[in-house]
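Undergrad: Before we start, here is the structure in question, set down as structure tokens.
The values are calculated or read from the model by the stated rules, or taken from the named source; none is laboratory data. All values derive from a computational prediction rather than experimental measurement. Glycine also receives a Cβ, built like all others from the backbone with ideal geometry; neighbour counts cover every protein chain displayed.
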Amino acid sequence: MGNPRGQAPYDSFPRLAAGACAIRVWLIILAVLAGLAAGPRAVAQQNAKNVLVLSGGRGRDSLNQMESSVRARVTFPVNFSIVDLDNPRFDERSYQDNLAEALQAAYGKKPDLLFACMDPSLRFAVEYRDETFPGVPIVFMSVSTLLADKQKWPGATGVAVPSGAKQTVDLALRLHPDTTTVAVITSDSDNEKDYLAAVHSELLRHQDKVEEIDIVGPPSGRMLERVAALPAHTVVLFQLIPHDSEQRAIEAYDVLATVTQHFPTYSVFGHLALDHGGIGGFFYDSKDDAVRAGEIAARVMSGERPDKIPILHLSNSQMRVDSRALRRWNISESALPAGVVVLNRELTLWERYRGYVLAAIFVIVAQALLIAALLWQRARKRKAEAVLRESEERFRLLANTTPALIWMCDAEGRTTYLNERRFAFTGSDQNAGYGDTWMAYIHPDDLPAVNEAFSNAVKTRQSYTKEFRLRRSDGTYRWMFDVASPRLNDDGTFAGFIGSAIDITDQKLARQALQRLSGQLIKAQEKERTRIARELHDDICQRLALLSVELGQASRSSNGASGRLDEIRKHCTDIASDVQALSHRLHSSKLDFLGIAAALKGFCDEFSRQHEVTVAFTDRDVPGNVPQDTAQCLFRVTQEALHNAVKYSKTRNFAVELTGSPNEVRLEVKDWGAGFDVEAARRNHGLGLVSMPERVHLVHGRFSIESIPGEGTKIVAVVPIFAADEASPDAETVTKTPS
Amino acid sequence: MKRTTILVADDHPMICAALRKMLEPAHDLIGCVGDGRALVRSALAMKPDLVLVDLGLPGLNGLEAGRELKKLMPGLKLIFLTMNRDPDIVREAFRIGASGYVLKDLMGEELLTAIHDAVRQPV
């Protein structure tokens, strides 16, 4: 084994000031002794296994990861005793001898495993094992393939890490294609010489393009001078390992600072390349290294022979570059080969303020959306308002041009709208506003009924119609027909009424005129019938009676012809009798002489005989003072009703009932026959259905027909009885009746 | 024998004339009126033994006037002379106190008989 020399770990160098070398060695050994004095006693009781770790300056983090990896894979307790080697003096034989003796003395009992970190520790452990801890297996980590693959390591195994020389040289020459010189700065320790050899071997491949200059030795002024003398287009491979414990005027870091200032610098040691101005290099994963080494240590402690476990070569190393150095040497990241990890990259504005930018964009977008939504809402509202305005305009145009008086009220019945036609009709002041309601213009006689109908409608919220007289602007009252319908809000609640009133005065007058005409026609008909009846009775009958008497007298005084005269007289009497009957059919004398009840009874009996049907007549409490026209009306209604009944009812049983009360007489004619559709019959203007009500209305009575197809018909007429002095103006007394 | 005083109520002059011709030989026809109200007034004033009344009189009809007369002059004899053959009216005539009901086309011997019978009837 050569002259091992301590090497700083790849991931960190302890930069604490160190004391004198001897003092340091003994302090370390004392620390080990203190640790071991308590350790073996404690672990002996637990059958723990002991591992002596030669750290070689390896960082504590890596050692902890290794320890955790071991403990995770064994079932027994493991004690780790760590010995820091003083790297700068490692090549000194005396140092190594002293260390070996101190370890043997301090560690009376052999450890179960020697764990060596990095190349110098491995060299030391292998060289001194037989004399200090013979037969103890060795496991190593962070040992370069340059050393690990150099020879067989009996009783030893572990993790070998790539040197990174090839990849680093390739990267440097790729990123600096105009390079003419590659300067390798290193020292002359065994370890560094291995690396120099590896680099040299790689550069041989490029010897036609680049010249290699090796600057070897401890950091010094001379070295700086040589650096300064390097030509342009030089790339430096910096492999000079700093040693903190050295007390030099010029240290490795000073050289490194100078080099990086003037030349693009690469290194196979990550911390040199990345943290001190270098561009980068090819580096292994130190955590993976520690974990894998821990695994191997666990296997060995569990009883596997180290020789049976092949050395593990880490394969997940990466090319890493420092972004700051790339910028310093104007190297674009796009020039980097695939898979290169760029470290310390200065964040772009986007990356730096991404959160703020995204928040701002979000706020702006949200604001824009809000504004868009508000604009859309506003546009929609304006459109809706325009539609509403147009709708209102249409309504007003319609409302103001229609001949009807249109009004609206709210749910409490307060007027909220009156159209222009209404104001024009009543002539009121439009400035009076909606307080100018209907009531002031309604005829006082109609006002209570209108008020009641309106109040009920507001209460029940049902449509209603009403006729009333309204004072026009010229002071005349006009008959109005008012129709009101409930208005509903969007949610279905009652909003009030909308109504329209039209002037029906002319229609009403026409209707009244028609009724009057109809009444007059009926009266004229009755009068004419009465006149004809009287003519027949008063004139023809009297003459026939006298003729008959005279024929009788002639018969008595004649000789021989009395038989013939009697025969003629009998003919004469028959004619008189027929004329008399005709007269009574035209006008019932019984009605005049015996009153309505007797007249109806007689008629019913006669009708029964004539038509061979049964008419059941009953009367109750019929007063004796029924006026002639009223009695005549009831008599005619009965005649008409029975004639209709016998014609259409398809039955032979009828009933007539006359009931009196102090103020009115009620006539009911009914059958239980076929019945009919009253509305259809009215539409077809059945004469009976027109004339019967007309007759009854003429005497101020009420008339109704109830009929259901298949269930019969009931006709009811109720007529008031006026005292002689309060007879209706239309009433006409029949003063002369045939006897 | 005292002659019977008769008041006639009929608005047909030819009937009045015929009656006068027919009754005068045996009775005193003291008057002939043309309506019901005149009948009542005349009867009260002239106090006849008997009135011959037509049913169809203007003003008060024969039945109404007869009802009134029987109320005012219960002893007055009342005979209806009419063309009306309605049995209900005949019944009503006798109900109000008529002594006879003679159809005009039979007013010959029948009327005289009726007057004779009426006069002999007790009051």
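Undergrad: Looking only at residues that are more than 20 Å from A:Arg585 (Cα to Cα) and in contact with a strand residue (DSSP E or B) (Cβ under 6 Å, 6 or more places away or on another chain) in segment B:45-61, which one is nearest to the other protein chains (Cβ to nearest Cβ)?
TA: Only one residue fits best here, namely B:Val53.
Undergrad: Would you check if there is a residue in segment A:666-683 being surrounded by fewer than 20 Cβ atoms within 10 Å (Cβ to Cβ), over 19 Å from A:Glu711 (Cα atoms) and under 60 Å from the mean Cα position of the chain (by Cα)?
TA: Yes, the conditions are met somewhere in segment A:666-683.
Undergrad: Tell me yes or no: at least one residue of segment A:130-141 is more than 60 Å from the chain's Cα centre (by Cα) and closer than 21 Å to A:Phe269 by Cβ.
TA: Applying the first criterion (more than 60 Å from the chain's Cα centre (by Cα)) to segment A:130-141 yields A:130-141.
So of that shortlist, the ones also closer than 21 Å to A:Phe269 by Cβ come out as A:140-141.
Yes, the conditions are met somewhere in segment A:130-141.
Undergrad: How many of the residues making up segment A:176-191 are touching a helix residue (DSSP H, G or I) at 6+ places or on another chain (Cβ under 6 Å) and of a type in the set (A, V, I, L, M)?
TA: So the count comes out to 2.
Undergrad: Also: Of the residues A:Ser691, A:Ser704, only one is in a helix (DSSP H, G or I) and in contact (Cβ under 8 Å) with a residue 12 or more places away in the chain; which? Spell out how you get there, then give the answer.
TA: Details: A:Ser704 fails: in a helix (DSSP H, G or I).
Exactly one of A:Ser691, A:Ser704 is in a helix (DSSP H, G or I) and in contact (Cβ under 8 Å) with a residue 12 or more places away in the chain, namely A:Ser691.
Undergrad: Scan segment B:94-121 for residues that are in contact (Cβ under 8 Å) with a residue 40 or more places away in the chain and closer than 12 Å to A:Phe593 by Cβ and jot them down.
TA: None; the set is empty.
Undergrad: Take segment B:45-87 and flag every residue that is under 13 Å from the mean Cα position of the chain (by Cα) and among the polar types (S, T, N, Q).
TA: Correct list: B:Asn61, B:Thr82.
Undergrad: In segment B:1-23, how many residues are more than 14 Å from chain A (Cβ to nearest Cβ) and either in contact with a helix residue (DSSP H, G or I) (Cβ under 6 Å, 6 or more places away or on another chain) or within 28 Å of A:Gln580 (Cβ to Cβ) (or both)?
TA: Here is the first cut: in segment B:1-23, the residues more than 14 Å from chain A (Cβ to nearest Cβ) are B:1-7.
Add one more test, that the residue is either in contact with a helix residue (DSSP H, G or I) (Cβ under 6 Å, 6 or more places away or on another chain) or within 28 Å of A:Gln580 (Cβ to Cβ) (or both), and what stays is B:4, B:6-7.
Residues in segment B:1-23 being more than 14 Å from chain A (Cβ to nearest Cβ) and either in contact with a helix residue (DSSP H, G or I) (Cβ under 6 Å, 6 or more places away or on another chain) or within 28 Å of A:Gln580 (Cβ to Cβ) (or both): 3 in total.
Undergrad: Does at least one position in segment A:605-614 carry a residue that is within 13 Å of another protein chain (Cβ to nearest Cβ) and in contact with a Lys or Arg (Cβ under 8 Å, 6 or more places away or on another chain)? First the steps, then the outcome.
TA: Of the residues in segment A:605-614, the ones within 13 Å of another protein chain (Cβ to nearest Cβ) are A:605-606.
Next cut, in contact with a Lys or Arg (Cβ under 8 Å, 6 or more places away or on another chain) only: none.
Among the residues of segment A:605-614, not one is within 13 Å of another protein chain (Cβ to nearest Cβ) and in contact with a Lys or Arg (Cβ under 8 Å, 6 or more places away or on another chain), which makes the answer no.
Undergrad: Against the conditions (1) among the aliphatic types (A, V, I, L, M); (2) at pLDDT 90 or above; (3) within 30 Å of B:Pro58 (Cα to Cα), where does A:Val656 fall short? Just the number, please.
TA: Single failed check for A:Val656: (3).
Undergrad: From B:Arg91, B:Arg67, grab the single residue that is farther than 16 Å from B:Gly36 by Cα and either out of contact with any strand residue (DSSP E or B) (no Cβ under 9 Å at 6 or more places or on another chain) or touching a residue at least 24 places away in the same chain (Cβ under 8 Å) (or both). Before you say what the answer is, go through the steps one by one.
TA: Working: B:Arg67 fails: farther than 16 Å from B:Gly36 by Cα.
The conditions single out B:Arg91.
Undergrad: Residues that are crowded, with 18+ Cβ neighbours inside 10 Å and touching a Leu at 6+ places or on another chain (Cβ under 9 Å): find the helices (runs of 4 or more DSSP H) completely inside segment A:155-234 holding 3 or more of those.
TA: Working: elements: A:165-175, A:190-204, A:221-228.
Where helices (runs of 4 or more DSSP H) fall fully within segment A:155-234 and carry at least 3 residues being crowded, with 18+ Cβ neighbours inside 10 Å and touching a Leu at 6+ places or on another chain (Cβ under 9 Å), they are A:165-175, A:190-204.
Undergrad: A follow-up question, please. Starting from residues that are facing chain A (nearest Cβ under 10 Å), surrounded by 16 or more Cβ atoms within 10 Å (Cβ to Cβ) and over 13 Å from the mean Cα position of the chain (by Cα), keep the ones in segment B:89-105 and report whichever is nearest to A:Gln553 (Cα to Cα).
TA: So the first thing to find is which residues in segment B:89-105 are facing chain A (nearest Cβ under 10 Å), and the list is B:89, B:91-93, B:103-105.
This time we only want the ones that are surrounded by 16 or more Cβ atoms within 10 Å (Cβ to Cβ), so: B:89, B:92-93, B:103-105.
Next, from what is left, pick out any that are over 13 Å from the mean Cα position of the chain (by Cα): B:89, B:92, B:105.
Details: B:Ile89: 28, B:Glu92: 31, B:Asp105: 12 Å.
The qualifying residue nearest to A:Gln553 (Cα to Cα) is B:Asp105.
Undergrad: Okay, next question. Return a yes/no flag: does segment A:322-329 have any residue that is modelled with pLDDT of 90 or more, surrounded by fewer than 17 Cβ atoms within 10 Å (Cβ to Cβ) and part of a loop (DSSP other than H, G, I, E, B).
TA: yes
Undergrad: Here is a follow-up. Just to be sure, is A:Ser473 surrounded by fewer than 16 Cβ atoms within 10 Å (Cβ to Cβ) and either in contact (Cβ under 8 Å) with a residue 24 or more places away in the chain or assigned to a strand (DSSP E or B) (or both)? Talk me through it step by step, then tell me what you get.
TA: Values: surrounded by fewer than 16 Cβ atoms within 10 Å (Cβ to Cβ): yes; either in contact (Cβ under 8 Å) with a residue 24 or more places away in the chain or assigned to a strand (DSSP E or B) (or both): yes.
Criteria met by A:Ser473.
Undergrad: If you go through segment B:27-41 one residue at a time, do you hit one that is at pLDDT 90 or above, within 13 Å of the chain's Cα centre (by Cα), more than 14 Å from chain A (Cβ to nearest Cβ) and assigned to a helix (DSSP H, G or I)?
TA: yes
Undergrad: State all residues of segment A:248-269 that are farther than 22 Å from A:Thr180 by Cβ and surrounded by fewer than 22 Cβ atoms within 10 Å (Cβ to Cβ); if no residue qualifies, say none.
TA: A:Arg248, A:Ala249, A:Ile250, A:Glu251, A:Tyr253, A:Asp254, A:Ala257
Undergrad: Inside segment A:549-600, can you point out the residues that are polar (S, T, N, Q) and either within 25 Å of B:Gly62 (Cα to Cα) or within 9 Å of chain B (Cβ to nearest Cβ) (or both)? Lay out the reasoning, then the answer.
TA: Filtering segment A:549-600 for residues polar (S, T, N, Q) gives A:553, A:555, A:557-559, A:562, A:573, A:577, A:580, A:583, A:588-589.
Of everything in segment A:549-600, those that are polar (S, T, N, Q) and either within 25 Å of B:Gly62 (Cα to Cα) or within 9 Å of chain B (Cβ to nearest Cβ) (or both) turn out to be A:Gln553, A:Thr573, A:Ser577, A:Gln580, A:Ser583, A:Ser588, A:Ser589.
Undergrad: Please give the number of the condition B:Leu29 fails out of (1) buried (at least 16 other Cβ atoms within 10 Å of the Cβ); (2) in contact with an Asp or Glu (Cβ under 7 Å, 6 or more places away or on another chain).
TA: (2)
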